[in-house]
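Each remark here refers to the structure printed beneath this line.
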Amino acid sequence: SYPRAMTVATEGDVMELMGRGGSDGAAWRPMEVSAETGTHAGIGSQGTFLWQFISHQCSGKPIKGTVGTVLSMVAAVALIISAGVALSSVASGGSPLGYSTSPLMTKIRAASDQALALRALEPLSVTRELLVDPLRHIPFIVSYAAPPTTPTLSTPATGQGASRDPFAVSTRDPYLVVEEGYVDGYSVMLNKFPSFAGHVLLVTDGPEQQADGLSSQDVSVLVDLVREIRGVGFFNSDREAGASQPHKHMQAIPVFSMVSEFPELQGRLPIENTFPREEEEAPGECNTLKLPFQHAFARFGSKPDAAATAFQSMLHCVRDGVSSSVGSYNVLVGDDWLLVVARSQREFEGFDVNAMGFAGALLVKTRQASAFLESAGPIEVLSGVAVAAASPSVTVTSR
């Protein structure tokens, strides 16, 4: 079972996650023990238990005899294995905390520090819990937004400045820019109103529109970015799919930023609980998961170009067998997998849903929405904004 772990994500929490250590500007401490979960960030809850057991054996009241000796040996070996996994992560470009140590992630942390100090970055104030869907038994990360204490003047909905393109090269907020020209034709910016630390935008430098859809190049560049920050990427094809700006942009969030509060997720996104084992997958791009809405799932391996090819096929699969008028869709991109979901509408029962909902993260803004979520469950919310599933061409077995 999943406990109702509640935490508050405030500006200080974002600074802590991004490496400033709060207002005192302390350096990152990757092997600190979490006061909330009691776990070492580098070795996880199992490793922490083993470490505590060994510490107990070294105390004044150890478990003695053959049992104590055997348990100590097993714990020591298991702890060495856990530490080896953490060190392997560092060697491959990761960090004990789960954040990437890539040059881009370093720039994201530095840009976040500066933008927070200048109040160009305005993190949402939320409380979070892990809520398990009553029918599908999938855990969801649910963020409850605190009501604003003062009206924001950052993004006016009407009047002067309402039509300003915040992603155009000439009108971007320089304090939100992480890297101009990340690759030719694309730049990386901070999301101005993040609910998770490290949330970035991959924006086109040209005049492309969100409604143009994802190109093969868009997909390849997004895969590269996702791998560089060890994140999950996503795309909302238009307003009905959850897009807030017409200028073409993709998004990405470090996975650790999303799951670190909940050790029971074991470092995985909620949606990954529905993924099949690789040996159980059928070949091709029209695989489906055990979900009640129109979608397609595929793994693409190590080559970003393979992801671009798979995406085009998946989009045809998702639209096959449903109304030709259905054009809105969400895309989720992992380091070696893609999920495409057909959308029917943007909102349902008080929920404004974008692609992150299908990754397993929902934002609750009203008491009514909270009550509906408690009674009906997260999958019912997603079904309300997605296209009902047609007869799947291929079905695979979930874990």
Residues of the range 120-131 that turn out to be assigned to a loop (DSSP other than H, G, I, E, B) and either farther than 15 Å from PHE193 by Cα or touching a helix residue (DSSP H, G or I) at 6+ places or on another chain (Cβ under 9 Å) (or both), as a count: 5
The range 186-198 residues that are touching a residue at least 24 places away in the same chain (Cβ under 8 Å) and under 13 Å from PRO174 (Cα atoms), paired with ones that are among the polar types (S, T, N, Q) and not in a loop (DSSP other than H, G, I, E, B) (beta carbon under 8 Å, 6 or more apart): LEU190/SER112; ASN191/GLN251
Selected residue (criterion: surrounded by the fewest Cβ atoms within 10 Å (Cβ to Cβ)) from residues of the range 182-205 that are more than 13 Å from GLY231 (Cα to Cα) and among the small types (Gly, Ala, Ser): GLY185
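Those residues that are in a helix (DSSP H, G or I) and either open to solvent by less than 30 Å² (accessible area, probe 1.4 Å) or at pLDDT 85 or above (or both), I need them from the range 314-333; list them, please.
Just the residues of the range 314-333 that are in a helix (DSSP H, G or I), to begin with: 314-319.
Of everything in the range 314-333, those that are in a helix (DSSP H, G or I) and either open to solvent by less than 30 Å² (accessible area, probe 1.4 Å) or at pLDDT 85 or above (or both) turn out to be MET314, LEU315, HIS316, CYS317, VAL318.
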Yes/no for SER302 being surrounded by fewer than 19 Cβ atoms within 10 Å (Cβ to Cβ), touching a residue at least 24 places away in the same chain (Cβ under 8 Å) and assigned to a loop (DSSP other than H, G, I, E, B): yes
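Would you confirm, using the coordinates I've provided, whether GLN266 is open to solvent by 50 Å² or more (accessible area, probe 1.4 Å) and at pLDDT 95 or above? Let's see the steps before the verdict.
Numbers: open to solvent by 50 Å² or more (accessible area, probe 1.4 Å): yes; at pLDDT 95 or above: no.
It is false that GLN266 is open to solvent by 50 Å² or more (accessible area, probe 1.4 Å) and at pLDDT 95 or above.
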Lone unmet requirement of (1) in a helix (DSSP H, G or I); (2) at pLDDT below 95; (3) open to solvent by less than 30 Å² (accessible area, probe 1.4 Å) for LEU87: (3)
Test: residue in the range 174-192 that is touching a strand residue (DSSP E or B) at 6+ places or on another chain (Cβ under 9 Å), part of a loop (DSSP other than H, G, I, E, B) and among the acidic types (Asp, Glu): no
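If you check PHE235, PHE311, PHE297, which single one turns out to be farther than 23 Å from PHE351 by Cα, in a strand (DSSP E or B) and open to solvent by less than 10 Å² (accessible area, probe 1.4 Å)? Reasoning before the result, please.
Working: PHE235 fails: farther than 23 Å from PHE351 by Cα; PHE311 fails: in a strand (DSSP E or B).
Of PHE235, PHE311, PHE297, the one residue that is farther than 23 Å from PHE351 by Cα, in a strand (DSSP E or B) and open to solvent by less than 10 Å² (accessible area, probe 1.4 Å) is PHE297.
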Test: residue in the range 273-283 that is under 21 Å from the mean Cα position of the chain (by Cα), open to solvent by less than 10 Å² (accessible area, probe 1.4 Å) and modelled with pLDDT of 90 or more: yes
Filter result (more than 22 Å from LEU269 (Cα to Cα), within 19 Å of the chain's Cα centre (by Cα) and open to solvent by 20 Å² or more (accessible area, probe 1.4 Å)) within the range 110-128: GLU122
Residue count, the range 346-356 (criterion: in contact (Cβ under 8 Å) with a residue 40 or more places away in the chain and within 19 Å of the chain's Cα centre (by Cα)): 5
Flag for VAL223 being touching a Pro at 6+ places or on another chain (Cβ under 7 Å), open to solvent by less than 10 Å² (accessible area, probe 1.4 Å) and within 22 Å of GLN312 (Cα to Cα): yes
Conditions (1) more than 30 Å from GLY98 (Cβ to Cβ); (2) open to solvent by 40 Å² or more (accessible area, probe 1.4 Å); (3) in contact with a helix residue (DSSP H, G or I) (Cβ under 8 Å, 6 or more places away or on another chain); number of the one not met by HIS247: (2)
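For SER195, are the conditions met, namely being over 22 Å from HIS316 (Cα atoms) and either in a loop (DSSP other than H, G, I, E, B) or among the aromatic types (Phe, Trp, Tyr) (or both)? Spell out how you get there, then give the answer.
Details: over 22 Å from HIS316 (Cα atoms): yes; either in a loop (DSSP other than H, G, I, E, B) or among the aromatic types (Phe, Trp, Tyr) (or both): yes.
In short, yes.
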All positions within the range 129-166 that are open to solvent by less than 50 Å² (accessible area, probe 1.4 Å), modelled with pLDDT under 95 and more than 28 Å from LEU269 (Cβ to Cβ): SER154, GLY161, ALA162
Condition met for VAL177 (at pLDDT 95 or above, hydrophobic (A, V, I, L, M, F, W, C) and either more than 20 Å from ASN354 (Cβ to Cβ) or open to solvent by 20 Å² or more (accessible area, probe 1.4 Å) (or both)): yes
Residue list for the range 200-232, restricted to those being in contact with a Phe, Trp or Tyr (Cβ under 9 Å, 6 or more places away or on another chain) and in a loop (DSSP other than H, G, I, E, B): ASP205, GLY213, LEU214, ARG230
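The values are calculated or read from the model by the stated rules, or taken from the named source; none is laboratory data. What you see is a predicted model, and the numbers here were worked out from it, not measured in a lab. Backbone-built Cβ (ideal geometry, glycine too); neighbour counts: all protein chains shown. Remember, those area values only see protein heavy atoms, side chains included, never the ligands or the DNA or RNA. Shrake-Rupley method; radii C 1.70, N 1.55, O 1.52, S 1.80 Å.
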